[in-house]
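In what follows, a single structure is set out as structure tokens and then discussed.
The values are calculated or read from the model by the stated rules, or taken from the named source; none is laboratory data. Remember, it's a predicted structure, so these values are computed and weren't measured experimentally. Neighbour counts are summed over all protein chains in view; Cβ atoms, including those assigned to glycine, are modelled from backbone coordinates with ideal geometry.
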Amino acid sequence: MISNAALLHNLIPNLDELSGDDLVVTSPIDGSILGSLRVDSISEIDAKIAQSVQAFHAWREIPGPRRGELVRILGNKLREKKEDLARLVTLECGKILEEGRGEVQEMIDICDFAVGISRQLYGLTIASERPNHTMQENWLPLGPVGIISAFNFPVAVWSWNTALALVCGDSCLWKPSEKTPLVALACQAIFDEAAHDFGGVPDGLSQVILGTADAGAQMVDDHRVPLISATGSTRMGGIVAQRVAARFGRSLLELGGNNAMIITETADLGVAIPSILFGSVGTAGQRCTSTRRVIVHRSIFDQVFNTLKGAYLSIGATKIGDPLENGTLVGPLIDEASFNGMQGALDRIKPEAIETVGGERVMTEEFPNAYYVHPSVVKLAKQTETIFAETFAPITYVLPYDTIEEALQIHNAVPQGLSSSIMTTDLRDAEYFKRHSDCGIANVNIGTSGAEIGGAFGGEKETGGGRESGSDAWRAYMRRQTSTTFFGREKPALAQGIKFDLPE
């Protein structure tokens, strides 16, 4: 098997040029050092933004279908490097290798989707009330797009934004999480290969900015970057939204989730239980769409909790471990801070809990410098504000309800509004749920976690309101223009029948 060092140099040929002492990158798998990088200075970030502006001015002149050709080549490069890139994703963020492969597949899928969109950047022809006038709605390239991504999906989020931004005629600046910068450099190297094969790509069309929150803040505050697409915590999104709005820029926010699954008395538990398990413990509970709350009809409340308890104990005994190994379902938390956050959440809920299972640190002998945890399931008599805050860890709260109306009240009470799910064989409950869930995603008989490129992804309330992928998400990366043309020979009429006759 290829060594980590060889893998890194295969994916990032210029890694030695980027090395330094500013940012030490460790693997959550065992705490080992993967690399050490230098971060961009204030002046270097300023220069990258300036170069991005110049690249945009050139790229916007390229026809949309031709821009799509670059993205097609990028998608094919990702196909060639899927296994190596997936392995690096696992090394750097700790998700199991199968999920790493799935994330790279998302990148490939969005490239395919964006290539199609490159020929469908449609505006409208609008009927004018004035004779001999035609009106059009035009969609035009916006400008440099600033992308801020989180550690848990360290490459997919970049591709969701970049693939669409590129076909829309924009340039891209990517500030990855300081916890996962190596995969960002690998993606940039893959993009550079695609650009070389395409030919004539302006320098700086896609760039990576390395640094901590200060680097992201510099990009957020720069008026030359008209759109900031930020994925991360609600706290971070609140800061970004205010700072971008203060300069009249746009923000596309994909923030926290506190996602719930409702299990009705008619639910097929053979479908529901596996969906809960993947949604709750997949990626060690570190997805924005992870299932945090399970709201169960009181008639089957004890049955569902006991089934989950047994499953969690089994997972804890047999399925936690090195995410690169076959058979592992739960890898490590990203770092010690994440572990401490999980312990704090469990400490706060225990006085209110009927029963708490799991939550302890494991694998300490094999991986003393990593943070593997036993997924936790908590039985509660009712929902309280203690669980309103999102904890980015594998904790599942199980709550009872009596009526479907009550279930939706419990469901909608939290401040986040990303993903939701109901398990039922009653069509009436399913339709009631879809109409009353306040989330951007509302699934029936599948879990809260996992989405396809063809559907718009995002949520409401403190989740930020942004949408990526699917439908008309491309419009976020363009500006809309209304254009009216008079083609008559006589004096043109004014709108609303206004008369403004000049003296003879």
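Figures for the structure shown
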read-out	value
Scope the stretch 420-443; condition crowded, with 16+ Cβ neighbours inside 10 Å and under 20 Å from Asp268 (Cα atoms); matching residues	Ser420, Ser421, Ile422, Met423, Thr424, Asp429, Ala430, Tyr432, Phe433, Ala442, Asn443
Of all residues making up the stretch 258-277, the number that are surrounded by fewer than 17 Cβ atoms within 10 Å (Cβ to Cβ), in contact with a helix residue (DSSP H, G or I) (Cβ under 9 Å, 6 or more places away or on another chain) and in a loop (DSSP other than H, G, I, E, B)	2
Residue within the stretch 165-174 that is under 23 Å from Glu83 (Cα atoms), in the same structural domain as Arg60 (by TED's automatic domain parsing) and out of contact with any Pro (no Cβ under 7 Å at 6 or more places or on another chain) present	yes
Conditions (1) under 14 Å from the mean Cα position of the chain (by Cα); (2) under 30 Å from Pro141 (Cβ atoms); (3) buried (at least 19 other Cβ atoms within 10 Å of the Cβ): number failed by Ser449	(2)
Residues located in the stretch 309-328, provided they are of a type outside the set (D, E, K, R), over 11 Å from Pro375 (Cα atoms) and out of contact with any helix residue (DSSP H, G or I) (no Cβ under 6 Å at 6 or more places or on another chain)	Gly310, Thr318, Gly321, Asn326, Gly327, Thr328
Scope the stretch 338-355; condition buried (at least 18 other Cβ atoms within 10 Å of the Cβ) and among the β-branched types (Val, Ile, Thr); matching residues	Ile349
First in the stretch 31-54 and assigned by TED's automatic domain parsing to the domain that holds Trp174 and touching a residue at least 60 places away in the same chain (Cβ under 8 Å), second anywhere and surrounded by 15 or more Cβ atoms within 10 Å (Cβ to Cβ) and of a type in the set (Lys, Arg), Cβ under 8 Å, 6 or more apart	Asp40/Lys48; Ile49/Arg224; Ala50/Arg224; Ser52/Arg224; Val53/Arg224
Pairs, first in the same structural domain as Pro65 (by TED's automatic domain parsing) in the stretch 119-135, second surrounded by 11 or more Cβ atoms within 10 Å (Cβ to Cβ) and part of a loop (DSSP other than H, G, I, E, B), C-beta under 6 Å, six or more apart	Arg130/Ala493; Asn132/Gly488; Met135/Ser128
Flag for Ile334 being closer than 17 Å to Ala393 by Cβ and assigned by TED's automatic domain parsing to the domain that holds Ile422	yes
Matching residues, the stretch 442-451, being touching an Asp or Glu at 6+ places or on another chain (Cβ under 8 Å) and either under 17 Å from Glu390 (Cβ atoms) or modelled with pLDDT under 95 (or both)	none
Out of Gly454, Gly470, sole residue that is in a loop (DSSP other than H, G, I, E, B), on the phi > 0 side of the Ramachandran plot, small (Gly, Ala, Ser) and at pLDDT below 95	Gly470
Residues within the stretch 10-44 that are in a helix (DSSP H, G or I) and either among the charged types (D, E, K, R) or surrounded by fewer than 15 Cβ atoms within 10 Å (Cβ to Cβ) (or both), tallied	5
Selection count, the stretch 242-257, where residues are within 30 Å of Phe305 (Cα to Cα) and in contact with a helix residue (DSSP H, G or I) (Cβ under 9 Å, 6 or more places away or on another chain)	2
Count of the stretch 479-504 residues which are more than 44 Å from the chain's Cα centre (by Cα) and surrounded by 10 or more Cβ atoms within 10 Å (Cβ to Cβ)	6
Total residues in the stretch 391-411, condition buried (at least 17 other Cβ atoms within 10 Å of the Cβ) and either farther than 30 Å from Ile33 by Cβ or more than 25 Å from the chain's Cα centre (by Cα) (or both)	11
Any helices (runs of 4 or more DSSP H) falling wholly within the stretch 138-257 and containing at least 3 residues that are buried (at least 24 other Cβ atoms within 10 Å of the Cβ) and within 14 Å of the chain's Cα centre (by Cα)	156-168
In the stretch 85-100, the residues that are buried (at least 17 other Cβ atoms within 10 Å of the Cβ) and part of a helix (DSSP H, G or I)	Leu85, Ala86, Arg87, Leu88, Val89, Thr90, Leu91, Glu92, Cys93, Leu97, Glu99, Gly100
Within the stretch 365-402, tally of residues that are in a loop (DSSP other than H, G, I, E, B) and of a type in the set (Ser, Thr, Tyr)	3
Pairs where the first residue, in the stretch 381-406, is in the same structural domain as Arg361 (by TED's automatic domain parsing) and the second is among the acidic types (Asp, Glu), C-beta under 7 Å, 6+ apart	Thr384/Glu352; Thr386/Glu352; Ile404/Asp429
